[in-house]
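Notes follow the structure.
The values are calculated or read from the model by the stated rules, or taken from the named source; none is laboratory data. Quick caveat, the model's predicted, so the values are computed rather than measured. FYI the Cβ positions are ideal-geometry reconstructions off the backbone, even for glycines, and counts take in every protein chain you see. All accessible areas refer to the heavy atoms of the entire protein, side chains included, with ligands and DNA or RNA removed. Shrake-Rupley method; radii C 1.70, N 1.55, O 1.52, S 1.80 Å.
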Amino acid sequence: MGTRLFVALGIGGLALGVVVPPQPALSTGARLTAVAASSWQTDASVLGLAVARGKVYVGGRFRTVRPPGARPGTREVTRTYLAAFDERTGALDAAMNHDLDGFVWAVVASPDGSRVYVGGDFTHVDGLVRNRLAAFDTATDRLVAGIAPSVSYRVKALAIGRTSLYFGGAFGLVNGVTRNRAAAISTVTGALLPWNPDADDDVYAIAVAADNSRVYLGGTFGTLRGTSRWAVASVNTSTGALLSFPAASAVPLPTSSCVSRVKDIETSGRRVFFADAGDGKGCFDGTWAADVATGKLLWKSTCLGATEALAMVDGWLFKGSHAHSCPRTFADGSGTHFLLLQNPATGALGPWFPNTNGGPPTLVGPLVATSGGSDLWVGGDFTEVNGAGQQGLTRFTNLGPGAVPLRPAVPKLSSTRVHRVNATVRASLDNDDVRLTYRLLRGTANTVVAVTRVSSAFWYRPTVTLTDTSAPSRTTQAYRIEVFDGHHAVRSGYATVTVR
């Protein structure tokens, strides 16, 4: 790991849908290692995440949390649907300990980090009435008295724009007033605001443009205010009235064989990003981006495998999905890849390949993600990260040397010319470096006789060829391959050949 981590991924003349070769290192490089940092775990799914003032607030279906490495049912600490952890160390925050009587589906922090808002199925917090929406002061971890709207059913999504808290879900009333599946309250007074998009079906995601010019909604709705808008819309921040959004055509209209809906939305500067999940073979499951000012579609990535979570991390777009096929990169048969990065300018995949499993009950894996700037927290229903037990919650940082390259196989050797030995080996893999240095070592002294650099990814591992041009003629020599990523060097076993 280091500043070179995210180099351009150019491989042997293949476009691959990544970064077209040859390219210099990208100027925006998320320097995350693929090695998961130490993190507490949960006993059930994590559904909401937010970072505020050095803490990570976590909501979900869980009732207990446990330390890193602890097996299910051991060393458990009670936390009913809501917990907080130190962003730097991952340690449990003892002060954030509240008793909620229902799931937490969404968590969002105020821009200044002074408050955290949670939404879900609960109706009480610490015995006090909080009908599906509550706020906590991050300095004291106490409930905020003035934020207590009465929401009639599940709150599934939260977003803040200036002094407005926007929320969506499956409800029909707020404070006894009709608000079908989307509403807003004042973060100052807690009062219900006029904002009223009036969706005819559930809202799964809400986000506010960085310039506060509009609010984006995603879900399974077919109309807003009686006007057809399938699964995604851009609306006015004060009234909820529909705004022009031509990029909405990225989501196909539902058919008997395909229903694609928007599951998450992430805004960053002049762009807004969307995550889709589709029901039906080949139904749109990917991500797409639009320009905030014009509403025009910028790119559309058609990977298959429902996308549930998005987060911007150090200039890259993280996606949590169960991708099993991506055009021009990997196809069915390469396995399921639950953690991926995308170039936000093009949608091309970035070179960072840790992984989780799916996990019960949804078998989707990651469901939510957030970043404090230089880290990535991922929550979901997974039970493993990089093949090791880790349930519900994990995190990645920019600390440490990163992943170790896969040990290369013993090279195949040939000598068809005097003093020359050719060594070939399949390219190695490194989950956070794609351009690796290969060295051909001769003899037990491990003399370096050839060096090359080759790019590879899990879907494309080319053959690497190195040539010793000064091998002693008419002798038998032993060779091995060393792969180096800038921090770790791994070596193959020896092979021997008689030099011509």
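For this structure, a couple of remarks:
- When restricted to residues that are over 24 Å from Ile265 (Cβ atoms) and of a type in the set (D, E, K, R), region 314-338 contains 2.
- Enumeration of residues in region 408-433 that are open to solvent by less than 20 Å² (accessible area, probe 1.4 Å), in contact (Cβ under 8 Å) with a residue 40 or more places away in the chain, part of a loop (DSSP other than H, G, I, E, B) and of a type outside the set (S, T, N, Q): Pro408, Pro411, Asp430, Asp432, Asp433
- Within region 213-240, the set of residues being under 20 Å from Ser110 (Cβ atoms) and either open to solvent by 30 Å² or more (accessible area, probe 1.4 Å) or without any contact (Cβ under 8 Å) to a residue 24 or more places away in the chain (or both) comprises Ser213, Arg214, Ser238.
- The test for being open to solvent by 20 Å² or more (accessible area, probe 1.4 Å), among the basic types (Lys, Arg) and in contact with a strand residue (DSSP E or B) (Cβ under 7 Å, 6 or more places away or on another chain) holds for Lys296.
- Qualifying residue in region 252-261 (condition: part of a strand (DSSP E or B) and either in contact with a Ser or Thr (Cβ under 8 Å, 6 or more places away or on another chain) or surrounded by fewer than 20 Cβ atoms within 10 Å (Cβ to Cβ) (or both)): yes
- Residues considered: Val364, Val368, Val378. Of these, the only one that is modelled with pLDDT under 95 and either open to solvent by less than 30 Å² (accessible area, probe 1.4 Å) or charged (D, E, K, R) (or both) is Val364.
- Scan of region 434-461 for residues that are in contact (Cβ under 8 Å) with a residue 40 or more places away in the chain, open to solvent by 60 Å² or more (accessible area, probe 1.4 Å) and part of a loop (DSSP other than H, G, I, E, B), ordered by number: none
- Residue in region 471-492 that is part of a loop (DSSP other than H, G, I, E, B), of a type in the set (Gly, Ala, Ser) and at pLDDT below 95 present: yes
- Some residue of region 41-53 being at pLDDT 95 or above and either open to solvent by 40 Å² or more (accessible area, probe 1.4 Å) or out of contact with any strand residue (DSSP E or B) (no Cβ under 7 Å at 6 or more places or on another chain) (or both): yes
- Members of region 310-326 that are farther than 15 Å from Ala345 by Cβ, in contact with a Gly (Cβ under 7 Å, 6 or more places away or on another chain) and buried (at least 21 other Cβ atoms within 10 Å of the Cβ): Gly320, Ser321, His322, Ala323, Cys326
- One residue stands out in region 295-348 among those that are basic (Lys, Arg) and in a loop (DSSP other than H, G, I, E, B): the one that is nearest to the chain's Cα centre (by Cα), namely Arg328.
- Test for Asp86: is it touching a Lys or Arg at 6+ places or on another chain (Cβ under 9 Å), acidic (Asp, Glu), open to solvent by 50 Å² or more (accessible area, probe 1.4 Å) and closer than 24 Å to Thr42 by Cβ: yes
- Single residue of Arg115, Arg66, Arg75 found to be in contact with a strand residue (DSSP E or B) (Cβ under 6 Å, 6 or more places away or on another chain), under 18 Å from Ser371 (Cα atoms), of a type in the set (Lys, Arg) and at pLDDT 95 or above: Arg115
- Residues of region 328-361 that are at pLDDT 95 or above, of a type in the set (Ser, Thr, Tyr) and either in contact with a helix residue (DSSP H, G or I) (Cβ under 9 Å, 6 or more places away or on another chain) or surrounded by 21 or more Cβ atoms within 10 Å (Cβ to Cβ) (or both): Thr356 alone.
- Search result, residues across region 107-136 that are open to solvent by 10 Å² or more (accessible area, probe 1.4 Å) and either touching a helix residue (DSSP H, G or I) at 6+ places or on another chain (Cβ under 6 Å) or of a type in the set (A, V, I, L, M) (or both): Val107, Val108, Ala109, Leu128, Val129
- Any hit, region 180-201, residues being within 22 Å of Ala309 (Cα to Cα), of a type in the set (Lys, Arg) and in contact with a Ser or Thr (Cβ under 7 Å, 6 or more places away or on another chain): no
- Residue check for Pro405: in contact (Cβ under 8 Å) with a residue 40 or more places away in the chain, buried (at least 22 other Cβ atoms within 10 Å of the Cβ), out of contact with any Gly (no Cβ under 6 Å at 6 or more places or on another chain) and in a loop (DSSP other than H, G, I, E, B): yes
- Tally, over region 272-291, of residues that are over 21 Å from Pro366 (Cα atoms) and either crowded, with 20+ Cβ neighbours inside 10 Å or within 17 Å of the chain's Cα centre (by Cα) (or both): 1
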